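Below is one structure, written out as structure tokens; the observations come after it.
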Amino acid sequence: MPPFVPLDLSSYNLSNRPSPLIDTQGHISTEAAQKSHSVFETVLGTNQSEFSQLLSPNAQEKTDPPYLAVSDTYMEFVRSGLITLSRGKLETLGESTATIAPSNEEINNVAAVVYATGFEATSSLSFLTESLRQTLSLAPEDLDNTVALAFHGTHHPSIPHLGFVGFYRSPYWGVMEMQARFLTAFWSSGASSASLPVSMQSALQRDHSIERTISLRDDPRASQFPMGDYPFLMQDFATALDLPRLDPFGTTPGLPPADKPMDILTPARYPPRTPTDAQAAEVRESLRQTYETAMAGLTGGRFVARAVFRSLLGEWKLERDLVSRLPGHPSGHFSGTAKFLLREGTVDGREGKFTGAEGSDADPGIEYLYIEDGDFRAANGMQFRATRRYVWRYDEARDKLSVWFVKTDDPKRADYLFHEVDFVLPSGEQDGDQGWEAKAGHLCVEDFYNVNYEFRFEAVSLRDWRLRYTVKGPKKDYTIDGAYRR
């Protein structure tokens, strides 16, 4: 029954790294690459080959620097064939044909090309003179290392009164805050080495950011993000600014592999040395929110519904047994598939519940149209095709999963609520292979549906799950037990 917490909280858990932190960004050695690949496989619970053989790195590729993309939906679209992969890089693009290198594979009937190249820094520096651009070693062709700047992208010693904030390839706001704080202290001290605080002088003396940036431009083993080690960068900035790191707000349960409590790094861990009352209050509130969010996931079952909802996308093999205790209703077995088709959320069945400020409609998020189809073979030998549909929804604000009946005259639209899924917190020692259990109930006129789920994960991936109904009423008395597997 794996717990779930937001990705950033586990990614920046200092308990998983030796202290003081060592810089892991930039040039990636063979050993570091192998370790990173191993960590990713462990965290994901798969080497990706189940989605596509093109995504499964061989032994040689596991020595190359890894590349990571984060998406809730991409992998299942690959598994289903809705996304077709090609390995390589775009070499040429004709009117409707693209060529991939080095395989020379051709992709035909190209209707559109989406350029996802990210932020391009050169144009933002066009106001500088040619002489200054040369001093900054401007390289327009290198989107990752466009300018060569000192101390983690903040300035150049030859232009001490020009500062930079946000000129680096990584998405973490805490580093930008530290860059701004560094420049404030740097300029407040006169920007000359003799007048700088001792901690800043020492930091600048050991800094090799300019040389490092230039060397990465031709390095085949450069990391995906040249400044991607967020915890190390925060530590190095804090050391230069002589800022102590606050202790975590509280203590979480011990987690593998070291069986230590989480030590989650956030910008609030580095407040000013003499904060105002308002700043101190804001810091405490931020740390409290981080701690309570982690505890909600580790001990309260928070985010499990979200993890299940994310993992349902795509097609499942479904085997279901129906056992009837009434002679007029035969038992039997269903064999088929169940598809969770992703779409934008709808308000069908819940009209009026998505009203935001000033009467504007709030975003209903995303949902699944569930379609199962297969053959039912009754114990008396009768066989027929069977299908059914539901709409599955996830309410992020309430962290709640729900299942809805569809309209009989329009089976693509939700009609009314079937049940909400309530996850059951574990108590005591658990079976090592036990999944997350959930329960629900639904009274349909005189018939009561008692619903039980079990979701079993392999790391963050839902491996298989079961759905059991016990239905009792004046004319119904049967049990349905269905197993879903990829």
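When region 111-168 is examined, which residues are found to be of a type in the set (S, T, N, Q) and within 24 Å of H208 (Cα to Cα)? Matches in region 111-168: T122, S131, Q134, T135, S137, N145, T146, T154, S158. Of the residues in region 86-101, not one is in a helix (DSSP H, G or I) and either farther than 28 Å from H27 by Cβ or at pLDDT 95 or above (or both). All conditions in (1) in contact with a strand residue (DSSP E or B) (Cβ under 9 Å, 6 or more places away or on another chain); (2) over 23 Å from E31 (Cα atoms) hold for P253, with the sole exception of (1). Of all the listed residues (G190, G250), the sole one being more than 26 Å from the chain's Cα centre (by Cα), assigned to a loop (DSSP other than H, G, I, E, B) and surrounded by fewer than 16 Cβ atoms within 10 Å (Cβ to Cβ) is G190.
For region 99-123, filtered to residues that are without any contact (Cβ under 8 Å) to a residue 12 or more places away in the chain and hydroxyl-bearing (S, T, Y), the residue that is nearest to S86 (Cα to Cα) is T99. The residues listed here are L298, L341; of these, the one that is in contact with a Pro (Cβ under 6 Å, 6 or more places away or on another chain) and over 23 Å from N452 (Cβ atoms) is L298. Residues in region 314-332 include at least one that is touching a helix residue (DSSP H, G or I) at 6+ places or on another chain (Cβ under 8 Å) and either surrounded by 15 or more Cβ atoms within 10 Å (Cβ to Cβ) or not assigned by TED's automatic domain parsing to the domain that holds D144 (or both).
Residue-wise test of (1) touching a helix residue (DSSP H, G or I) at 6+ places or on another chain (Cβ under 9 Å); (2) within 30 Å of K317 (Cβ to Cβ).
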residue	(1), (2)
K62	yes, no
P65	yes, no
A69	no, yes
T73	yes, yes
S96	no, no
S124	no, no
R133	yes, no
T154	yes, no
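Counting the residues of region 463-486 that are among the charged types (D, E, K, R) and within 21 Å of Q434 (Cβ to Cβ) gives 7.
Looking across region 429-486 at every residue that is over 30 Å from E41 (Cα atoms) and among the hydroxyl-bearing types (S, T, Y), the one that is nearest to the chain's Cα centre (by Cα) is identified as Y469. If you filter region 1-47 down to residues that are farther than 23 Å from A305 by Cα, among the polar types (S, T, N, Q) and in a loop (DSSP other than H, G, I, E, B), you find that the one that is modelled with the highest pLDDT is S29. Filtered by the rule that a residue be exposed (fewer than 14 other Cβ atoms within 10 Å of the Cβ) and outside any loop (DSSP other than H, G, I, E, B), region 125-148 gives E130, S131, Q134.
Put simply, of R485, R388, R398 the only residue that is within 30 Å of G301 (Cβ to Cβ), touching a residue at least 40 places away in the same chain (Cβ under 8 Å), surrounded by fewer than 16 Cβ atoms within 10 Å (Cβ to Cβ) and not acidic (D, E) is R485.
Against the test of being basic (K, R) and either closer than 25 Å to P271 by Cβ or not assigned by TED's automatic domain parsing to the domain that holds Q235 (or both), the options R169, R181, R217, R212 yield a single qualifying residue, R181. Consider region 439-464 and keep the residues that are assigned to a strand (DSSP E or B) and in contact with a helix residue (DSSP H, G or I) (Cβ under 8 Å, 6 or more places away or on another chain). The one that is surrounded by the most Cβ atoms within 10 Å (Cβ to Cβ) is F455. Which of the residues that make up region 299-313 are farther than 23 Å from E372 by Cβ, crowded, with 20+ Cβ neighbours inside 10 Å and not small (G, A, S)? Correct list: R302, V304. Can you spot a residue in region 274-286 that is of a type outside the set (V, I, T) and assigned to a loop (DSSP other than H, G, I, E, B)? Looking through region 274-286, at least one residue is of a type outside the set (V, I, T) and assigned to a loop (DSSP other than H, G, I, E, B).
Here are A296, A268: which of them is surrounded by 14 or more Cβ atoms within 10 Å (Cβ to Cβ), without any contact (Cβ under 8 Å) to a residue 12 or more places away in the chain and not aromatic (F, W, Y)? Spell out the reasoning first.
Numbers: A268 fails: without any contact (Cβ under 8 Å) to a residue 12 or more places away in the chain.
Going through A296, A268 in turn, the sole match is A296.
Considering each residue of region 274-292 in turn, none proves to be among the small types (G, A, S) and either within 20 Å of the chain's Cα centre (by Cα) or crowded, with 19+ Cβ neighbours inside 10 Å (or both). Just one of the numbered conditions (1) crowded, with 16+ Cβ neighbours inside 10 Å; (2) not assigned by TED's automatic domain parsing to the domain that holds L255 is not true of Y12: (2).
The values are calculated or read from the model by the stated rules, or taken from the named source; none is laboratory data. Computed from a predicted structure; not experimentally measured. Neighbour counts run over all protein chains shown; Cβ positions are idealised from the backbone, glycine included.
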